[in-house]
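> The structure under discussion is supplied below as structure tokens; questions concerning it will follow.
The values are calculated or read from the model by the stated rules, or taken from the named source; none is laboratory data. Since this is a predicted model, take the numbers as computed values, not measurements. When we count neighbours, we look across all protein chains shown, and the Cβ atoms used for this are built from the backbone with ideal geometry, even at glycine.
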Amino acid sequence: MNRDIKQSMMTFRNFWVIACMAVVIFGSFQVIFAATSLPAYTGTVTGEAPPPDEPLSLWYRQPATAWTSALPVGNGKQGAMMFGGIDTEAICLNEDTLWAGGPYNPDNPNALEALPQARQLLFEGQYREAERLIDQRMMANPRAQLPYQPIGDILLTFPKVDTAENYRRELNLRTATASMQFTSEGVTYKRELFASYPDNVIVMRLTASKPGQINFKLSMQTGENIVNSDGTDDTFILNGTNISSQNIAGALKFQSRAKIIHTGGTLTKGTREIPTPPAPSAGARGRRGRGGNRGGRGGGSNQSTSEYSLEGADSAVILIASATSYKKFDDVTGDPDALASAIIKKASAKSYDTLLKDHLEDYQNIFNRVSLDLGTSEDAKLPTDQQIRNFPQSNNPALVTLYFQYGRFLLIGSSRPGSQPANLQGVWNSDTNPSWGSKYTININAEMNYWPTDNTNIGECIEPLMAMVEDLQVKGAKTAKTMYDARGWVAHHNTDGWRATAPIDGAQFGMWPLGGVWLCNTLWDHYEFTQDKNFLKRLYPAMKGAGEFFLDTLVEEPKTKTLVTSPSLSPEVPHPQNASVCFGPTIDQQLLRDMFAHIIEASKILGVDEDFSKEIAETRAKLAPNKISEGGVLQEWFEDWDMISRNRNRHVSHLYGLYPGQDISYYTDKELSEAVRQSLIMRGDNATGWGLGWRLNLWARLHDGEHAYIIVRNLLNDAEGGGRGGRGFGGGSGVYSNLFDSHPPFQIDGNFGGTAGIAELLVQSVAPRDDKAALIELLPALPPLWSKGKVSGLLARGGFEVGLSWTDGKLAGAEIKNTGSSSKSVDVLLGDKKVSLTIDGGKTRSLDAQLSNVN
Ligand code: FUC
């Protein structure tokens, strides 16, 4: 179906679903709606609120109606979105362990028998037949993984407001607090929301400039099953169970609590009559859309029967916590009631000011490590949605700075020690059937989420990814044994909360056994930045196990006698033989060359597994090399099909070697780097969110700041204004008005790729290896439009922190700190100038514009 027609039908369907649910029940006070949107405010907004004092703020002069205009907060485990509605509000809640279904084993024992035949067909050039065979005999059962779920929405309804003066809502990135304020009949109302990591709680405060003015009713809705909704005198409690999916029964219990603490006024607990709920939308019950990937809309249709009313209070604080029975991918015996009540008990023992202070101390300790100034402009004074609309015609570097810092805020908000890793939507999902299940796609997306972790100095955010890889080793070992009769572990192109590792969706997407390797390489990068040997000890078993799997499954290509993966594919790109499945796609060998090099180095550093490391080195030497096609591009496949295919796909998998990989060095592999450049030109600058994030980093590595800026522009395209769009997705990629990346729909990886790429334009680095010192390059790809600026707190591989400033596009000065405890050498590069420094542990050296050492 024509994409535009489809899109407008979707919009129409959304409208209809929302309209059906916007049932006014009891007079002007109570409204039911789906929190993928908020009914538009029907009163009048007057006045022009000034910009917030904090320049690092997203801000708007009207409430959000679409979920992608609402503002997120998160503490890693719990996420919330706030619309800033005037007489209605929905706080959309996520808890990162609520997935559909329960523990399951999708490994397909029939795969093993089909494996040799698939390999043979591939070597015989019968790609289509191989793909068909794999599709029939080697895919997971079920063929899809299970989707991540929203908890539901806390609904607040307020007395009707006819006129709201000087309305403003904002997200202050310095305080990680979303808020809104307006004045009505001489009273200024303010509502603030933050998510505290130290207390694992979501905190909302409602204040008014005059006493006795806080009135609201609180209830909840969810797309999950409600067991009961009740509570104590001051605490709303909803107990529920998760939905089933793919015939895997829901096995999780969950609970959400909202404790209302008020000054003055009266709080009453009541019940409300629920009209016969609208039939659950197909989306709410696991309907699978286009390609099995497009989600349905509508998260919440089951309404709580309990409802709390606060009347005439001076102020109120609502403490919100959700918990589930998920303990681990194979253990669902947790007690959500005990967990949620413990959180609320701990948080309510603190005053609001203390909760806020502890939150700020924790958050700012991480967020404030990097400061960036790319310059400002008149446009920077405008509301964020306006800045986005103007961006193509303006030079507004302040919006780029905001977008950069927003990416850091989002990762701090969706991935902290003890939480799950950031999924395709971080920890902000409103749909029970989200696009691509809001899972972990590990053929680019989950890894991209972690690209800004180290260079933008938020290193602790990587911990959940390491923990997930520990789980995947367990599940992936079963998949390796069952489906390949191999040692070690394997993960294909996706995983979920249950850590499924078998190939899914269809051979042309799922038959890619390198997901685990890419994850290992992402984690290795953390080691290169930090030089943290304890982290390396934790990572090593994962690399070793992934290495063992490939020692057992690499096959010799008959003509060249080189080693290749088979069966595999170049992620999601069909080749000219009418299939995607193939042997030895370029990315596979690049990923393996990198990981094998890491294993060899780790074995030396940790003093372990000498023989294994030798075997890995021998195998590494036999891997099929990178090849340049007749047409001058880097070959994507083993065969030279690129010039036939002339693919403009968003995936640029074969360019992995240059970024984020290390297989192709811009400094030493000039010809291959040029071939990467040619491939990138052939692929084009037009892609969906994460495809742009990847292109940005690649252009940065290719030292082309001017071209990189074209990509920055595309990343910041106004997704809501139509504008340019990614191929095959019918337009609308870029950013929504809340600066969420639009694939479309919202997918968070583009935000993270963008943030990493902006840092990569300013500083690049190579870790020390053998007797070679670390390398730090200053301003490798500065876009000409950013003529003056400064940055501090970026990290470089080898254990360094870098600050620098520039004017007229040229370095003004730099500071390099050795973040380790012992003395280290580093080569510093600026254009074709290079100096070698030795910096004592914990010390900083300053350089001037000529790279002369000034102290
Ligand atoms: C891969 C990509 C899609 C999307 C999905 C989550 O399948 O090809 O574009 O990002 O992952």
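> Just one of (1) more than 16 Å from the ligand (Cβ to nearest atom); (2) in contact with a Gly (Cβ under 8 Å, 6 or more places away or on another chain); (3) charged (D, E, K, R) trips up R620, so point out which.
Among (1) more than 16 Å from the ligand (Cβ to nearest atom); (2) in contact with a Gly (Cβ under 8 Å, 6 or more places away or on another chain); (3) charged (D, E, K, R), the lone unmet condition for R620 is (2).
> Here is a further query. Return the residues of region 596-630 that are of a type in the set (K, R) and within 33 Å of the chain's Cα centre (by Cα); say none if nothing qualifies. Walk me through how you get there before you give the answer.
First, pick out the residues of region 596-630 that are of a type in the set (K, R): 604, 614, 620, 622, 627.
Within region 596-630, R620, K627 meet the criteria.
> Those residues that are in contact with a helix residue (DSSP H, G or I) (Cβ under 8 Å, 6 or more places away or on another chain) and not hydrophobic (A, V, I, L, M, F, W, C), I need them from region 589-606; list them, please. Walk me through how you get there before you give the answer.
At the first step, the residues of region 589-606 found to be in contact with a helix residue (DSSP H, G or I) (Cβ under 8 Å, 6 or more places away or on another chain) are 590-600, 602-606.
Within region 589-606, Q590, R593, D594, H598, S603, K604 meet the criteria.
> Restricting attention to region 495-504, which residues are in a loop (DSSP other than H, G, I, E, B) and either within 16 Å of the ligand (Cβ to nearest atom) or under 18 Å from N110 (Cα atoms) (or both)?
So in region 495-504, the residues in a loop (DSSP other than H, G, I, E, B) come out as 496-504.
Scanning region 495-504 gives D496, G497, A500, T501, A502, P503, I504.
> Any residue in region 529-547 that is acidic (D, E) and either within 24 Å of A767 (Cα to Cα) or within 16 Å of the ligand (Cβ to nearest atom) (or both)?
Within region 529-547, the first condition is being acidic (D, E), and the residues that meet it are 532.
Okay, now just the ones that are also either within 24 Å of A767 (Cα to Cα) or within 16 Å of the ligand (Cβ to nearest atom) (or both), so 532.
Checked against the condition, which is being acidic (D, E) and either within 24 Å of A767 (Cα to Cα) or within 16 Å of the ligand (Cβ to nearest atom) (or both), region 529-547 yields at least one hit.
> Further question on the same structure: What are the pairs with Cβ atoms under 8 angstrom where one residue, in region 647-669, is within 16 Å of Q589 (Cα to Cα) and of a type outside the set (S, T, N, Q) and the other, located anywhere, is within 14 Å of the ligand (Cβ to nearest atom) and in a loop (DSSP other than H, G, I, E, B)? Sequence gap at least six, or different chains.
H654/S570
> Quick check on I748: is it surrounded by 24 or more Cβ atoms within 10 Å (Cβ to Cβ), of a type in the set (A, V, I, L, M) and within 16 Å of the ligand (Cβ to nearest atom)? Steps first, answer last, please.
Values: surrounded by 24 or more Cβ atoms within 10 Å (Cβ to Cβ): yes; of a type in the set (A, V, I, L, M): yes; within 16 Å of the ligand (Cβ to nearest atom): yes.
Criteria met by I748.
> What are the residues in region 162-176 that are within 28 Å of the chain's Cα centre (by Cα) and not in a strand (DSSP E or B), if any?
Of everything in region 162-176, those that are within 28 Å of the chain's Cα centre (by Cα) and not in a strand (DSSP E or B) turn out to be L173, R174, T175, A176.
> Let me ask something else. Tell me which residues, restricted to region 505-561, are in a loop (DSSP other than H, G, I, E, B) and over 15 Å from I587 (Cα atoms). Spell out the reasoning first.
To start, the set of residues in region 505-561 that are in a loop (DSSP other than H, G, I, E, B) comprises 505-506, 511-514, 531-532, 554, 557-561.
Result: D505, G506, Q531, D532, E557, P558, K559, T560, K561.
> Next question, about the same structure. Output the residue which, of all residues in region 242-262 that are assigned to a strand (DSSP E or B) and over 18 Å from I320 (Cα atoms), is nearest to the chain's Cα centre (by Cα). Give the steps one after another, and end with the answer.
Quick first cut of region 242-262, residues assigned to a strand (DSSP E or B) only: 245, 248, 253-262.
Going one step further and asking which of them are over 18 Å from I320 (Cα atoms), we end up with 245, 248.
Details: S245: 23, I248: 26 Å.
So the residue we want is S245.
> Inside region 552-599, can you point out the residues that are on the phi > 0 side of the Ramachandran plot and basic (K, R)?
Passing the criteria: only K561.
> What is the residue count in region 440-475 for residues that are within 15 Å of the ligand (Cβ to nearest atom) and within 30 Å of N302 (Cβ to Cβ)?
Adding up the residues that qualify gives 2.
> Within region 825-855, restricting attention to residues that are charged (D, E, K, R) and either in contact with a Ser or Thr (Cβ under 7 Å, 6 or more places away or on another chain) or in a loop (DSSP other than H, G, I, E, B) (or both), which residue is surrounded by the most Cβ atoms within 10 Å (Cβ to Cβ)? Can you show your working first?
As a first pass, look at region 825-855 and keep what is charged (D, E, K, R): 827, 832-834, 840, 843, 845, 848.
Pick out the ones that are also either in contact with a Ser or Thr (Cβ under 7 Å, 6 or more places away or on another chain) or in a loop (DSSP other than H, G, I, E, B) (or both) and you get 827, 832, 840, 843.
On the way: D827: 16, D832: 5, D840: 13, K843: 12.
Checked region 825-855; the qualifying residue surrounded by the most Cβ atoms within 10 Å (Cβ to Cβ) is D827.
> Among the candidates S219, S196, S229, S244, single out the residue that is among the hydroxyl-bearing types (S, T, Y), surrounded by 16 or more Cβ atoms within 10 Å (Cβ to Cβ) and within 13 Å of L310 (Cβ to Cβ). Break it down into steps so the answer makes sense when it comes.
Details: S196 fails: within 13 Å of L310 (Cβ to Cβ); S229 fails: within 13 Å of L310 (Cβ to Cβ); S244 fails: within 13 Å of L310 (Cβ to Cβ).
The match here is S219.
> Pairs, please: C-beta under 6 Å, at least 6 apart or cross-chain, first residue under 24 Å from Q303 (Cβ atoms) and among the charged types (D, E, K, R) and in region 256-272, second at pLDDT below 95 and in a strand (DSSP E or B)?
none
> Moving on. From the set of residues in region 617-640 that are of a type in the set (A, V, I, L, M, F, W, C), surrounded by 13 or more Cβ atoms within 10 Å (Cβ to Cβ) and out of contact with any Ser or Thr (no Cβ under 8 Å at 6 or more places or on another chain), which is farthest from L592 (Cα to Cα)? Even if it seems obvious, please write down each step before you answer.
First pass over region 617-640, keeping only residues of a type in the set (A, V, I, L, M, F, W, C): 617, 621, 623-624, 628, 633-634, 637-638.
So of that shortlist, the ones also surrounded by 13 or more Cβ atoms within 10 Å (Cβ to Cβ) come out as 617, 623-624, 628, 633-634, 637-638.
Add one more test, that the residue is out of contact with any Ser or Thr (no Cβ under 8 Å at 6 or more places or on another chain), and what stays is 617, 628.
On the way: A617: 11, I628: 19 Å.
The extreme case among them is I628.
> Quick one: which helices (runs of 4 or more DSSP H) sit completely within region 640-730 and have at least 2 residues that are away from the ligand (no atom under 16 Å from the Cβ) and in contact with a strand residue (DSSP E or B) (Cβ under 6 Å, 6 or more places away or on another chain)?
Counting at least 2 such residues, we get 670-683.
> Within region 751-790, take every residue that is acidic (D, E) and not in a strand (DSSP E or B) and give me the one that is farthest from the ligand (Cβ to nearest atom). Outline the logic, then answer.
Quick first cut of region 751-790, residues acidic (D, E) only: 760, 770-771, 777.
Among the residues that remain, those that are also not in a strand (DSSP E or B) are: 760, 770-771.
Details: E760: 21, D770: 37, D771: 41 Å.
Going through the qualifying residues, I end up with D771.
> Pick from A140, A111, A164, A144: which is among the hydrophobic types (A, V, I, L, M, F, W, C), over 26 Å from G437 (Cα atoms) and modelled with pLDDT of 95 or more?
Values: A140 fails: over 26 Å from G437 (Cα atoms); A111 fails: over 26 Å from G437 (Cα atoms); A144 fails: over 26 Å from G437 (Cα atoms).
From the options A140, A111, A164, A144, the qualifying one is A164.
This table checks each residue for (1) surrounded by 14 or more Cβ atoms within 10 Å (Cβ to Cβ); (2) among the acidic types (D, E).
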site: A338; (1), (2): no, no
site: I343; (1), (2): yes, no
site: K350; (1), (2): yes, no
site: T354; (1), (2): no, no
site: D358; (1), (2): yes, yes
site: E361; (1), (2): no, yes
site: V370; (1), (2): yes, no
site: G375; (1), (2): yes, no
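> Of all residues in region 511-560 being under 22 Å from K824 (Cβ atoms) and surrounded by fewer than 17 Cβ atoms within 10 Å (Cβ to Cβ), which is nearest to the chain's Cα centre (by Cα)?
D532
Listed here are the residues, each with its yes/no results for (1) in contact with a Gly (Cβ under 6 Å, 6 or more places away or on another chain); (2) within 17 Å of S371 (Cα to Cα); (3) modelled with pLDDT of 95 or more.
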residue: D749; (1), (2), (3): no, no, yes
residue: L762; (1), (2), (3): no, yes, yes
residue: L775; (1), (2), (3): no, no, yes
residue: L778; (1), (2), (3): no, yes, yes
residue: L830; (1), (2), (3): no, no, yes
residue: V854; (1), (2), (3): no, no, no
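> Could you please tell me which pairs satisfy a Cβ distance under 6 Å, a separation of 6+ or placement on different chains, a first residue in region 557-572 that is acidic (D, E), and a second residue that is within 16 Å of the ligand (Cβ to nearest atom)?
Within 6 Å, the pairs are E572/F509; E572/H651.
> Applying the selection to region 89-103, what residues are buried (at least 22 other Cβ atoms within 10 Å of the Cβ) and of a type outside the set (D, E, K, R)? I'd like the intermediate steps shown before the answer.
Of region 89-103, the ones buried (at least 22 other Cβ atoms within 10 Å of the Cβ) are 89-101.
A90, I91, C92, L93, N94, T97, L98, W99, A100, G101, listed by residue number.
> Of the residues that sit in region 791-819 and are part of a strand (DSSP E or B) and among the acidic types (D, E), which one is surrounded by the most Cβ atoms within 10 Å (Cβ to Cβ)?
Initial filter on region 791-819 (part of a strand (DSSP E or B)): 791-796, 800-807, 810-818.
Okay, now just the ones that are also among the acidic types (D, E), so 801, 815.
On the way: E801: 18, E815: 16.
Residue satisfying both the conditions and the ranking: E801.
> May I pose another question? Would you pick out the residues in region 397-439 that are more than 30 Å from L155 (Cβ to Cβ) and either charged (D, E, K, R) or within 16 Å of the ligand (Cβ to nearest atom) (or both)?
Correct list: R408 only.
> Can you tell me how many residues in region 484-494 are more than 16 Å from the ligand (Cβ to nearest atom) and either crowded, with 24+ Cβ neighbours inside 10 Å or not in a helix (DSSP H, G or I) (or both)? If you could, list the steps in order and put the result at the bottom.
Looking only at region 484-494, we keep the residues that are more than 16 Å from the ligand (Cβ to nearest atom), and these are 484-490.
Okay, now just the ones that are also either crowded, with 24+ Cβ neighbours inside 10 Å or not in a helix (DSSP H, G or I) (or both), so 485-490.
Selection size over region 484-494: 6.
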